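The structure appears below as structure tokens.
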2 protein chains.
Amino acid sequence: MHTKTSIIAGPFITEDCVWLNGQIMSIERNERLKKCFDLIRNLIKIQKGENSQEVKWKIRVCSENNFPTAAGLASSAAGYACLVYTLANAFGLVNGDLPSIARQGSGSACRSIYGGFVQWTAGVDDQGYDSTAVQIAADTHWPEMRIIILVVNDSKKKTSSTVGMKQAVKTSELLKYRIQKCVPERTKEIIQAITDKNFEKFAEITMRDSNQFHAICLDTYPPCVYLNQVSHEIISFVHDYNEATGQIKVSYTFYAGPNAFLFIQQIDLSLFMSELVNVFPTMQPNSSYLRGIVSTLPNNVKPYGFKSKDKDLLKYIMVTKLGNGPKCVDDHLLNSDGTLKSKIESTN
Amino acid sequence: MHTKTSIIAGPFITEDCVWLNGQIMSIERNERLKKCFDLIRNLIKIQKGENSQEVKWKIRVCSENNFPTAAGLASSAAGYACLVYTLANAFGLVNGDLPSIARQGSGSACRSIYGGFVQWTAGVDDQGYDSTAVQIAADTHWPEMRIIILVVNDSKKKTSSTVGMKQAVKTSELLKYRIQKCVPERTKEIIQAITDKNFEKFAEITMRDSNQFHAICLDTYPPCVYLNQVSHEIISFVHDYNEATGQIKVSYTFYAGPNAFLFIQQIDLSLFMSELVNVFPTMQPNSSYLRGIVSTLPNNVKPYGFKSKDKDLLKYIMVTKLGNGPKCVDDHLLNSDGTLKSKIESTN
């Protein structure tokens, strides 16, 4: 799963402009986008001098995700991280605190500036100005780790994670305890589990913390509910599966939406996937239902014989692994005159 | 909503025996029932002397609820409270701590020994031996209070509240904070709100505390989920309704199941009910869908015009009010020779 972003800047670009997945977005009306542009221009001033021509250049951005936006799949985290990284690279900026700039676009974008396992640190400043991200371990540290994303069919109206979290800070009493006591302890524990490649420990903390996060959402007033019935069926299935195997083979985590993110190691993937498609069957051909790095599944293997649920509770299943952070690639989305390479422009 | 219990005891009864809603139950295999019988016999010994004949009498019990059991409607609380009250009355026991005895059957049964608003106090003993119930206010203090029970159509397997709460105590970190900080503060606040008949305050605490209770269930490992999609739709509807009226007119609380208990004052009942049956429509005739103390609803009045949801998400809606605690009534369920009055006995 990735975001691809191209930018072009220069005296021949007449205004700042961003295409996101083919849709043009107003920068003036988008506070977060504006903040990122401002902070990058600030960095240009600092590093290239107040009178540098580049400060005045307008910027054209084209960004595309190969996965749905606003579906609780952290598309804005990937998007802002990619944008800030691309801008910094294009302007040859060095030593800027890119995570902090990306964070102004989307909180968790600071994490996506790095690959592998990344910690988003709170910092000590009341306003969070020193909140940033640090890498715990590169993706190469645990190459066996796989992530299975279960995209859930859902039509419920969403509460954005920013709105939800602001309301939680205002109204949830339990959040105080979570911040003060649970998060610091668990952060220490999960860093240790990652360092040791202790999957069972890693998996248990992941599940407990996902549940606690959603408990806080429920303790928010009015309550903020991201999980739906299918999410809960996935949770039950993961616990049942682990109980059947007698080991924690797989774990789940949920962000601000009903989609599940499962962690599993490569060695256990194939057997689990067989049971998964048995429990969550589909009317679709497997080629559109199973995406990403899926090897051929053994036919009709239902190792633990769980009961199948209704068909098509899931939109699709995507298997992926840890990313290794943003990098420069060769295929641009923009022509050198600033026009879009794809035909999307004319249809919008 | 009530439980009716008859007992008969004497030298002519050959063994302890309990019929619950027509089903015979083994006392030997039911620890809780056994404990209640033992504690009552203890009380007989203390009050009537070690050698009293009544200590040796076997007891026959017949108990019936006019509402479903094991559906999260607190049928065991009502049942054990009624049983203990009936036994104490039949044996002429005075000054016994009936809430504490009832609590051995079902924790919340201690509350049901009294009418009106009742607090279940924790006590200071580690083992909870001094945990009991005290009445905050009689039902006559707030006669305008109505309770609407929305019985939800649901087929999910249930976690009993006892199992769920034991697991929560063992595994939920947030529960520690809830016990130490949130519960004492809220208890004080809601007692004040009841004393003042401050509905909005009462309602808000009720909703916040219901949400926090279910947050704790979710923070339990593995998570314990009592609310389903319909429960969440009810929660959303209540918040939307209050927002539409500009006041907190109605509140919700959920126990160990998906059914909603709404609080509302008599003056607001009719208008709210009109909207409720519009939002949660049914294929049933109103006579079986709307139960309890429902006055005729104004035809087709949808004061705020909320969108109707799918039909028959609810099994039925029951409107009731605060009970006034157990009392003796005249119609026995048992004949004087210990046989059941109804024909149920022969079919079991």
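Data table
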item: The stretch A:1-54: number of residues that are buried (at least 16 other Cβ atoms within 10 Å of the Cβ), within 20 Å of A:Asp97 (Cβ to Cβ) and among the aliphatic types (A, V, I, L, M); result: 6
item: Number of the exception - B:Gln265 against (1) under 22 Å from the mean Cα position of the chain (by Cα); (2) modelled with pLDDT under 90; (3) farther than 30 Å from B:Gly164 by Cβ; result: (2)
item: The stretch A:49-87 - residue that is touching a residue at least 60 places away in the same chain (Cβ under 8 Å) and polar (S, T, N, Q) and, of those, farthest from A:Asp337 (Cα to Cα); result: A:Ser75
item: Given (1) hydrophobic (A, V, I, L, M, F, W, C); (2) farther than 28 Å from A:Phe202 by Cα; (3) not in a loop (DSSP other than H, G, I, E, B), index of the condition A:Val329 fails; result: (3)
item: Selection count where residues are over 26 Å from A:His232 (Cβ atoms) and touching a Phe, Trp or Tyr at 6+ places or on another chain (Cβ under 7 Å), scope the stretch A:186-209; result: 2
item: Selection count, the stretch A:297-348, where residues are at pLDDT 85 or above and of a type in the set (Val, Ile, Thr); result: 5
item: Tally of residues being in a helix (DSSP H, G or I), away from chain B (no Cβ under 14 Å) and in contact (Cβ under 8 Å) with a residue 60 or more places away in the chain across the stretch A:228-269; result: 3
item: Helices (runs of 4 or more DSSP H) contained in the stretch A:155-213 and holding at least 1 residues more than 10 Å from chain B (Cβ to nearest Cβ) and in contact (Cβ under 8 Å) with a residue 24 or more places away in the chain; result: A:161-171, A:183-196
item: Looking only at the stretch A:296-335, and only at residues there that are surrounded by 11 or more Cβ atoms within 10 Å (Cβ to Cβ) and small (Gly, Ala, Ser), the one that is nearest to A:Pro68 (Cα to Cα); result: A:Gly323
item: For A:Gly49: the one exception among (1) on the phi > 0 side of the Ramachandran plot; (2) touching a Pro at 6+ places or on another chain (Cβ under 8 Å); (3) not aliphatic (A, V, I, L, M); result: (2)
item: Pairs, first closer than 15 Å to A:Val84 by Cα in the stretch A:28-48, second of a type in the set (S, T, N, Q) and surrounded by 21 or more Cβ atoms within 10 Å (Cβ to Cβ), C-beta under 9 Å, six or more apart; result: A:Arg32/A:Ser76; A:Arg32/A:Ser106
item: Filtered residues of the stretch A:122-154 (kept if modelled with pLDDT under 95, polar (S, T, N, Q) and out of contact with any helix residue (DSSP H, G or I) (no Cβ under 8 Å at 6 or more places or on another chain)); result: A:Gln127
item: B:Val225 being of a type outside the set (Asp, Glu), assigned to a loop (DSSP other than H, G, I, E, B), facing chain A (nearest Cβ under 10 Å) and closer than 30 Å to B:Lys181 by Cβ; result: yes
item: Test: residue in the stretch A:58-73 that is more than 18 Å from the chain's Cα centre (by Cα) and small (Gly, Ala, Ser); result: no
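The values are calculated or read from the model by the stated rules, or taken from the named source; none is laboratory data. Predicted model only: the values in this text are computed from it and were never measured. In this analysis, Cβ positions are derived from the backbone assuming ideal geometry, glycine residues included, and neighbour counts consider all displayed protein chains.
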